[in-house]
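Colleague: Could you have a look at this structure, given as structure tokens, before my questions?
The values are calculated or read from the model by the stated rules, or taken from the named source; none is laboratory data. This one's a predicted model, so the numbers in the text were calculated from it and none came from an experiment. Cβ placement follows ideal geometry from the backbone for every residue including glycine, while neighbour counts extend to all protein chains displayed. The accessibility values were calculated without ligands, DNA or RNA, using every heavy atom of the protein model including side chains. Shrake-Rupley method; radii C 1.70, N 1.55, O 1.52, S 1.80 Å.
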Amino acid sequence: MPDRYREFFRSVVGVSPYDYQVTLAEELTAGHNVVLRAPTGAGKTWAAMVPLFYEGWGQRPARLVYALPLRTLAQGIYVEASRLAQRLAQPVAVTLQTGEQPDDPFFNRGTIVVTTYDQVLSGLLCGPYGLSDRLSNINAAAIAGALVVFDEFHLMEPQKAFLTAVATMHMFAGLCQSVWMTATATESLVRALSEALEVRQVPRGTAQFDALLRELPSVDSVSRGLTVEQSCLSAESVLRVHERRSIVVCNQVGRAQELFRLLRQQYDPREIVLLHSRFLKADRSCKEAELRKRFGKGAVGGGILVATQVIEAGLDISCEHLHTEMCPINSLVQRAGRCARFPDETGLVHVYPLPPDGNAHRPYEALEIRVAQDTIGRGATRLTPELCARWVEKAHGESDGLALRDGWRSRYEECLRRIEDNSLGGQHVRVADLIREVDNIRVVIAPEPPGSPGELEGVAVPRTTLYGLIGRHHTAFRGWVYKGDDEQPWESVTAEQDVRQAYVVCLSPAVAAYDRELGLRLGVPGEMTSPSRSVPDRPGWKTIKGETWERHAREVASQALARLEREGPDGGLVGGGLVKRYGLDWAAAKAAVGAASLLHDLGKVQTTWQAWARAAMETTRPGYVHARAIAHTDFNPESRDDRRRERALGLRRPPHAAAGAYYAGLFLPRLLQALPTGVRAQVGAACVVAILAHHGGWLPGDLGMQVAPLWDGWPQELASVVGWVPDGQRVVRLAKHADKKGLLERVVREVVGPDRIACWWPLVAYLIRTLRLSDQQATAEVGSDD
């Protein structure tokens, strides 16, 4: 493989790969999880992306999910991925999924999905950020069949996102692969990965790592020093040593904005650029493009960049002087990687003490800052990869070990509990506490709230920052949180608790200002309104047409099977995982998906549903004759008139998912009879759970009130779709059963009971996801009230 892969890499990237990039491809195509440790400037992004398109896989992943710690880093990787896609022979879709730019909310549009780890993990825990409660389980298996890259994973809080990521990757072991990339991981983190995921390390051993350092021009031919300054960071200290290119990194957005303002007063304003996390997408993209021209490889320009942590990864820029406030060692090493980054460069990193303010250490812990000060000392030194590795281990090794002392297994159990609460219990508990300490909320600016929060571009802000803003302005505060209610989607903010559970807030320009130079400033009056954004079309978002139950069942099954075919030969990575974990070959997997798809709306064949559907159709189609069972009526989910018309029917649209799951037990044994006998009952139960959960709900308190007799024409409808019907008396007895909920619960417990969910959840989640996405594609479920 090495020679063939080198040739392939060269044809795509235009340069020969380093040895470690070939080694990484060998490990991935052999089916292993990998931890990649390489210094900045080593080409880790290309190393992780290019193998996906190489032909030498045993079981190829269907897509790549590239997760980053900050949404501001995602844009740069998205650009790199798009460049890769243009170089490939086959068409490759690249999407960006962040809270600010949710272009792929279900992780199903892109072959390469660039995102944040918040988006990935919240979806796996059935609490997806930015999606409604009814869509809580749709991304529960978003990583199934995927190669998942966690870039700069040292920036994950060990006791939060890191442990959660390790636990969820273990949960889907065999059904996905993962790559963990960093220049500054401690041995504690690597041990946790080895224990939970059996990762292979690249480079392999100390000798290969040393060889890698000698191989990299970005390491071997640069000279980078570090000096500890005695006074706080100021405009004067920056200008005193400025040559052609200087980068200044502040720990807080407010301090970066103030330093930027002061530098513009003392230096040519045209030469100074500000970059932080509170810029709108278009402005940030322009700034990043300008930075590549001024500070990128081969740049002829120069200037002064004032930034925050957003430059720690993802931006391929360099300078002679890098000025940074004291920060944790792993962040300091990342920042230093933006100084003398390119071959034959020389640079100096200046480290400054924090201002004498009680909260100056934020967003870090005060202890982290003190440890960093003690680690680097007070003098000057030459920065080398070996020294940086020793610093990271000294500063973070013990704390990482303490954070991981309870182990990933404890987090694994907690993740299963959250999944059970959110997807199966209907509690919709928050999951942010398992992901990161800083809990962001999306902010849009407008004098009055928009119709939908997706209509305007937003900026992510720590929720605690909004608490302070509300407290300072109190009675003068003007803002609204999005609730999503049909009649009153927004509610005024009057106190801190109003934004505790919200994912988006609209602020009046009276309390929020924005401009292209400074970005968002809170507590300052302004004039600008957030610009409109185009929301990607979703299947059938506008209007749903009346559709027979038979046609709908066939179409969803067709979409589901087509979706499976796109996983690759014999299911690719996900197919191999189903064999390893459950003994299900690809034919059995397709049988299970087909059965769940054909029967998913069986609850609509009830008398109550058909009575409602008939009344609804008669109001839109004069002379309508109800001769066939209906799955969908004419309906525009965005039309107030349609919603009022339905409310005026005098009939409440009946629920159907639980009833469909209840009746499906009659048909599943016949549809799954070709499956291995040892797992047939469990796979049938997994299909029942998928049907039960395919609209985001779960078992109602009184199932008996939701189950009605089947419509008179059910034998003909079912025979035409399934090809077989049970004895009618069995159906009657089932409809009259005294303990319907107990009967259904016994089936459900086969796969999601307390002692079963750890084993069977990946299959259940995969069936739910496949069913829901196929239902969307076939009938435009998203946006409807169905």
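Colleague: Is at least one residue of region 146-155 free of Cβ contacts under 8 Å to residues at least 12 places away in the same chain and open to solvent by 10 Å² or more (accessible area, probe 1.4 Å)?
Modeller: Let us first name the residues in region 146-155 that are free of Cβ contacts under 8 Å to residues at least 12 places away in the same chain, namely none.
Within region 146-155 (the criterion being free of Cβ contacts under 8 Å to residues at least 12 places away in the same chain and open to solvent by 10 Å² or more (accessible area, probe 1.4 Å)), the answer is no, since none of the residues qualifies.
Colleague: Identify the single condition in (1) under 28 Å from the mean Cα position of the chain (by Cα); (2) within 30 Å of R500 (Cα to Cα) that H361 does not satisfy, given that it satisfies every other one.
Modeller: Single failed check for H361: (1).
Colleague: Sticking with this one: Out of (1) in a loop (DSSP other than H, G, I, E, B); (2) more than 23 Å from N440 (Cα to Cα); (3) of a type in the set (S, T, Y), what's the single condition that is false for Y364?
Modeller: (2)
Colleague: Just checking, how many residues over region 38-71 are open to solvent by less than 10 Å² (accessible area, probe 1.4 Å), modelled with pLDDT under 95 and more than 28 Å from R214 (Cβ to Cβ)?
Modeller: Selection size over region 38-71: 2.
Colleague: Would you point out which residue out of Q101, Q119 is modelled with pLDDT of 95 or more, of a type outside the set (A, V, I, L, M, F, W, C) and open to solvent by 10 Å² or more (accessible area, probe 1.4 Å)? Please lay out each step first, then the result.
Modeller: On the way: Q101 fails: modelled with pLDDT of 95 or more.
So the residue among Q101, Q119 that is modelled with pLDDT of 95 or more, of a type outside the set (A, V, I, L, M, F, W, C) and open to solvent by 10 Å² or more (accessible area, probe 1.4 Å) is Q119.
Colleague: Return the total of residues in region 621-633 being under 25 Å from L718 (Cβ atoms) and in a loop (DSSP other than H, G, I, E, B). If you could, list the steps in order and put the result at the bottom.
Modeller: From region 621-633, those under 25 Å from L718 (Cβ atoms) are 624-633; that's our starting set.
Subsequent filtering for residues that are in a loop (DSSP other than H, G, I, E, B) retains 624-629, 633.
Adding up the residues that qualify gives 7.
Colleague: Looking at W391, W408 in this structure, which one is in a helix (DSSP H, G or I), touching a residue at least 24 places away in the same chain (Cβ under 8 Å), open to solvent by less than 60 Å² (accessible area, probe 1.4 Å) and under 24 Å from H170 (Cβ atoms)?
Modeller: Just one listed residue meets the conditions, W408.
Colleague: Give me the pairs, please: first residue somewhere in region 706-724 and farther than 24 Å from H737 by Cα, second residue anywhere and surrounded by 14 or more Cβ atoms within 10 Å (Cβ to Cβ) and modelled with pLDDT under 90, beta-carbon distance under 8 Å, and either six or more positions apart or on two chains.
Modeller: none
Colleague: If you don't mind, there's one more thing I want to ask. Of everything in region 591-629, what is open to solvent by less than 10 Å² (accessible area, probe 1.4 Å) and more than 16 Å from A664 (Cβ to Cβ)? Give them in sequence order.
Modeller: Q610, W612, A613, A616, M617
Colleague: Consider V505 against the criteria (1) open to solvent by 20 Å² or more (accessible area, probe 1.4 Å); (2) closer than 23 Å to T98 by Cβ; (3) in contact with a helix residue (DSSP H, G or I) (Cβ under 6 Å, 6 or more places away or on another chain); (4) among the hydrophobic types (A, V, I, L, M, F, W, C): it satisfies all of them except one. Which criterion is unmet?
Modeller: Just one mismatch for V505, condition (1).
Colleague: Ok, one more. Considering only region 236-247, state which residues are open to solvent by less than 30 Å² (accessible area, probe 1.4 Å), within 18 Å of E345 (Cβ to Cβ) and aliphatic (A, V, I, L, M). Steps first, please.
Modeller: Residues of region 236-247 that are open to solvent by less than 30 Å² (accessible area, probe 1.4 Å), as a first pass: 237-238, 245-247.
With the extra rule that they be within 18 Å of E345 (Cβ to Cβ), the set shrinks to 245-247.
Within region 236-247, just I247 meets the criteria.
Colleague: A further question follows. With respect to R264, determine if the residue is open to solvent by 30 Å² or more (accessible area, probe 1.4 Å), within 30 Å of L456 (Cβ to Cβ), part of a loop (DSSP other than H, G, I, E, B) and modelled with pLDDT of 90 or more. First the steps, then the outcome.
Modeller: Working: open to solvent by 30 Å² or more (accessible area, probe 1.4 Å): yes; within 30 Å of L456 (Cβ to Cβ): yes; part of a loop (DSSP other than H, G, I, E, B): no; modelled with pLDDT of 90 or more: yes.
Considered against the rule, which asks whether it is open to solvent by 30 Å² or more (accessible area, probe 1.4 Å), within 30 Å of L456 (Cβ to Cβ), part of a loop (DSSP other than H, G, I, E, B) and modelled with pLDDT of 90 or more, R264 comes out as no.
Colleague: Considering only residues that are under 10 Å from Q59 (Cβ atoms) and crowded, with 22+ Cβ neighbours inside 10 Å, which ones fall in region 577-589?
Modeller: Once the filter is applied, which keeps residues that are under 10 Å from Q59 (Cβ atoms) and crowded, with 22+ Cβ neighbours inside 10 Å, region 577-589 yields only G577.
Conditions tested, residue by residue: (1) more than 24 Å from G314 (Cβ to Cβ); (2) polar (S, T, N, Q); (3) open to solvent by 20 Å² or more (accessible area, probe 1.4 Å).
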residue: L332; (1), (2), (3): no, no, no
residue: E345; (1), (2), (3): no, no, yes
residue: V351; (1), (2), (3): no, no, no
residue: L354; (1), (2), (3): yes, no, yes
residue: P363; (1), (2), (3): no, no, yes
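Colleague: Identify the single condition in (1) touching a helix residue (DSSP H, G or I) at 6+ places or on another chain (Cβ under 8 Å); (2) small (G, A, S); (3) part of a loop (DSSP other than H, G, I, E, B) that G571 does not satisfy, given that it satisfies every other one.
Modeller: The number of the failed condition is (3).
Colleague: Hey, another quick one. Could you check how many residues of region 5-37 are touching a helix residue (DSSP H, G or I) at 6+ places or on another chain (Cβ under 7 Å), open to solvent by less than 20 Å² (accessible area, probe 1.4 Å) and under 26 Å from G174 (Cα atoms)?
Modeller: The number of residues fulfilling the criteria is 11.
Colleague: For region 219-235: of the residues being open to solvent by 10 Å² or more (accessible area, probe 1.4 Å) and part of a helix (DSSP H, G or I), which is nearest to E517 (Cα to Cα)? First the steps, then the outcome.
Modeller: Kept after step one, since they are open to solvent by 10 Å² or more (accessible area, probe 1.4 Å), are these residues of region 219-235: 219-225, 227-234.
The next check asks that each one be part of a helix (DSSP H, G or I); those that pass are 219-220.
On the way: V219: 34, D220: 37 Å.
Out of the qualifying residues, it is V219.
Colleague: So how many residues does region 1-22 have that are more than 31 Å from the chain's Cα centre (by Cα) and of a type in the set (A, V, I, L, M)?
Modeller: Counting residues in region 1-22 that are more than 31 Å from the chain's Cα centre (by Cα) and of a type in the set (A, V, I, L, M) gives 2.
Colleague: Looking for something touching a residue at least 40 places away in the same chain (Cβ under 8 Å) and part of a loop (DSSP other than H, G, I, E, B) - is there at least one such residue anywhere in region 602-620?
Modeller: no
Colleague: Another one. Looking only at residues that are surrounded by 19 or more Cβ atoms within 10 Å (Cβ to Cβ) and in contact with a Pro (Cβ under 9 Å, 6 or more places away or on another chain) in region 432-443, which one is modelled with the lowest pLDDT?
Modeller: Going through the qualifying residues, I end up with N440.
Colleague: Could you list all residues from region 179-205 that are more than 20 Å from P17 (Cα to Cα) and part of a helix (DSSP H, G or I)?
Modeller: Let us first name the residues in region 179-205 that are more than 20 Å from P17 (Cα to Cα), namely 184-199.
The answer is E187, S188, L189, V190, R191, A192, L193, S194, E195, A196, L197.
Colleague: OK, next. Given the condition within 30 Å of H694 (Cα to Cα), among the charged types (D, E, K, R) and surrounded by fewer than 18 Cβ atoms within 10 Å (Cβ to Cβ), answer yes or no: does some residue in region 445-466 qualify?
Modeller: yes
This table checks each residue for (1) of a type in the set (D, E); (2) under 22 Å from T182 (Cα atoms).
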| position | (1), (2) |
| --- | --- |
| A372 | no, yes |
| T375 | no, yes |
| E386 | yes, yes |
| D406 | yes, no |
| S410 | no, no |
| E413 | yes, no |
| S423 | no, no |
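Colleague: Please name all residue pairs, on different chains or six or more residues apart, with Cβ atoms under 7 Å, provided the first residue is in region 505-530 and is among the polar types (S, T, N, Q) and the second residue is surrounded by 15 or more Cβ atoms within 10 Å (Cβ to Cβ) and not in a loop (DSSP other than H, G, I, E, B).
Modeller: Pairs found: S508/G479; T529/I445; S530/V444; S530/I445; S530/L456.
Colleague: Here's something else I'd like to know. Could you grab the pairs with beta carbons closer than 9 Å, sequence gap of 6+ or different chains, first residue in region 294-323 and in contact (Cβ under 8 Å) with a residue 12 or more places away in the chain and part of a loop (DSSP other than H, G, I, E, B), second one acidic (D, E) and crowded, with 24+ Cβ neighbours inside 10 Å?
Modeller: Listed by first residue and then by second, the contacts come to E312/E152; A313/D151; A313/E152; G314/D151; G314/E152.
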